[in-house]
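Asks: For reference, the structure I am asking about is given below.
The values are calculated or read from the model by the stated rules, or taken from the named source; none is laboratory data. Just so it is clear, the structure is predicted and the values come from calculations on it, not from any experiment. Note that we place each Cβ from the backbone using ideal geometry, even for glycine, and neighbour counts take in every protein chain shown.
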Amino acid sequence: MKYYLAPLEGITNYIYRNAYHTHFEKLDKYYTPFISTNQHNSFTTRDLKEILPKNNKGLYTVPQILSNKSADFVRAANSISEYGYTEINLNLGCPSNTVVAKNKGSGFLYHTEALDRFLDEIYSQATMKISIKTRLGKYSPDEFYELVKIYNKYPLEELIIHPRIQKDMYRNVPNLEVFKQTLETINCPVCYNGDVFTTDDYQSITDKFPDVDLMMLGRGIIGNPALVGQIKGKPMPSIATFRSFHDTLYHTYSEVMSGEKNILYRMKGFWFYMIHIFSENKKVIKSIKKCERLSDYDKIMDNLFNEHALTLNTRGFRNVVEGLSK
Ligand SMILES: Cc1cc2nc3c(=O)[nH]c(=O)nc-3n(C[C@H](O)[C@H](O)[C@H](O)COP(=O)(O)O)c2cc1C
């Protein structure tokens, strides 16, 4: 099995990817959060940081592009290839309403003729390997049958399938039936993505789809960065490893960002997921949420890592994710 880190905007930026790669099981590919194209062929400072080679040393990073204009996509791909990249990913999965309203991400899936034309143009013009990350459709999983026919016309490097539709957002459960049928008709390598939070979840997917040998994980790793190591049967890292992972993230954010609020905002986003490596976490969650000063945050962290046992409450994490999706 090859393991990929899913792109999570606001979380899996280059700082997270590097910290993860240093402290936990190394992954085969790391996807950047989406980079939006524009007609000026320019990247924002934030996007540029994601792709600069000095920020991706030793990582197989795949830049992800969000676009519905082939000329913009090709221009962005060419610029990215100048940094030494050979593979790029197209985002056809983002369910956020602002993205979908512009017929991008999973909003593009409903416009099959335009999508077909777009793919024709990018696959004939771009010089890089292009993989696609997709949902099953916008309104109905039945849309996927036609989408697969379209995908089959082009030399996709890989198709990463998150088997939900746009309207699901993160509600409901991945549609494994349609995923299964796709495996019979698609003619490129398929990567499974969605709701793998525990080793049992992993086992269940690999039991159902023994031929799938690519898996992308997002929230499962963010909630428990030791997950891929556990899947591979490695011993649980010590709490000191989690602490140093946290400290690397925290110190790097503190170096590159200014303002206590901004740094705290990042760390709160991170703890929203990772707090579930501690089962006795309710009080800590509250104090992290309320915290407004770095000096208070430092005290909370010392207390958390010194006083709490690492008890990987993956059930707790699943409860949060499922609670969110109701
Ligand atoms: C906060 C957040 C941000 C995300 N940002 C992106 C993104 O930039 N590009 C993308 O293709 N998917 C994005 N996703 C979707 C994830 O990559 C992934 O497909 C999804 O979380 C399902 O996988 P998981 O159950 O392993 O987390 C995001 C998801 C979340 C929760």
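Asks: Name the single residue, out of those in segment 256-269 being touching a residue at least 24 places away in the same chain (Cβ under 8 Å) and surrounded by fewer than 16 Cβ atoms within 10 Å (Cβ to Cβ), that is nearest to the chain's Cα centre (by Cα).
Replies: Gly269
Asks: Could I ask something else about it? Select from segment 122-134 the residues that are assigned to a helix (DSSP H, G or I) and touching a residue at least 12 places away in the same chain (Cβ under 8 Å) and list them in ascending order.
Replies: Ile122, Tyr123, Gln125 - these are the residues of segment 122-134 that are assigned to a helix (DSSP H, G or I) and touching a residue at least 12 places away in the same chain (Cβ under 8 Å).
Asks: Restricted to segment 135-162, and to residues that are of a type in the set (Asp, Glu), part of a loop (DSSP other than H, G, I, E, B) and in contact with a Ser or Thr (Cβ under 7 Å, 6 or more places away or on another chain), which residue is nearest to the ligand (Cβ to nearest atom)? Let's see the steps before the verdict.
Replies: Kept after step one, since they are of a type in the set (Asp, Glu), are these residues of segment 135-162: 142-143, 146, 157-158.
Still in the running and part of a loop (DSSP other than H, G, I, E, B): 142, 157-158.
Applying the additional criterion that residues be in contact with a Ser or Thr (Cβ under 7 Å, 6 or more places away or on another chain) yields 157-158.
Details: Glu157: 15, Glu158: 13 Å.
Once the filter is applied, the top-ranked residue is Glu158.
Asks: Looking at segment 135-154, I want the residues that are assigned by TED's automatic domain parsing to the domain that holds Leu66 and at pLDDT 95 or above and have a partner that is of a type in the set (S, T, N, Q) and in a strand (DSSP E or B) with Cβ atoms under 9 Å, at least 6 apart or on another chain. Which pairs are those?
Replies: Hits for this filter: Phe144/Thr134; Leu147/Thr134; Tyr151/Thr134.
Asks: Among the candidates Phe305, Phe272, Phe209, Phe245, which residue alone is under 25 Å from the mean Cα position of the chain (by Cα) and modelled with pLDDT under 95?
Replies: Phe272
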